[in-house]
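To keep things clear, I will list the structure first and then write my remarks on it.
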Amino acid sequence: MNIRCAFCQTPYTLSRVAMLDALQEVDSQNLTHYDAHCPRCRRATRIPRQRLEMAMPNWREELKQFEKEMKEHPQQEAPLPQAESTPVAEAAAAPEPAPAKKGATKAKPSATPAETKPKTATRQTTPSAETKKSTARKTSTKGTSKKSK
């Protein structure tokens with residue numbers, strides 16, 4: 001079934017499975033409409049029960065047929081994503097060893113190229129520009145006018 005969002009005017013469709021779910025929900029809860037959520041703005045668009053039934057008039061038979069298909073060909077669940085170990089998480093999990101001697105220093109871990117951050121470009125000024133700024137601040141006086149008396 002083709003639908004256009006009432007708010008953002010995005011066209012989208014309800015699949016056969018979504019239509020069967022909608023008709024089941026409307027029938028079980030005795031609703032007058034079904035709220036189809038827009039994939040773009042996530043706002044609900046009302047679809048009247050009559051329009052749903054017009055799009056799928058023999059939905060009860062189709063639901064039984066769909067359930068039969070699912071029993072014959074069960075779908076496997078998608079595997080859960082593996083938690084990838086990151087260098088930051090490993091460093092936080094491993095405690096740092098305390099130095100044995102008072103004067104000993106810790107060895108710095110070697111940084112890999114992937115861990116180093118690229119340096120951002122900074123504005124560079126010349127030394128003469130810095131002295132001009134500092135002398136201008138020193139010579140300027142607050143609250144006095146440049147007119148002489």
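Scanning the stretch 9-37 for residues that are of a type in the set (S, T, N, Q) and in a helix (DSSP H, G or I) yields GLN24, SER28, GLN29. Scanning the stretch 38-57 for residues that are of a type in the set (A, V, I, L, M, F, W, C) and either assigned to a helix (DSSP H, G or I) or farther than 22 Å from GLU69 by Cα (or both) yields CYS38, CYS41, ALA44, ILE47, LEU52, MET54, ALA55.
Since every read-out is calculated from the coordinates, none of them should be taken as a lab result. Every value quoted in this text rests on a predicted model; they were computed, and no experiment measured them.
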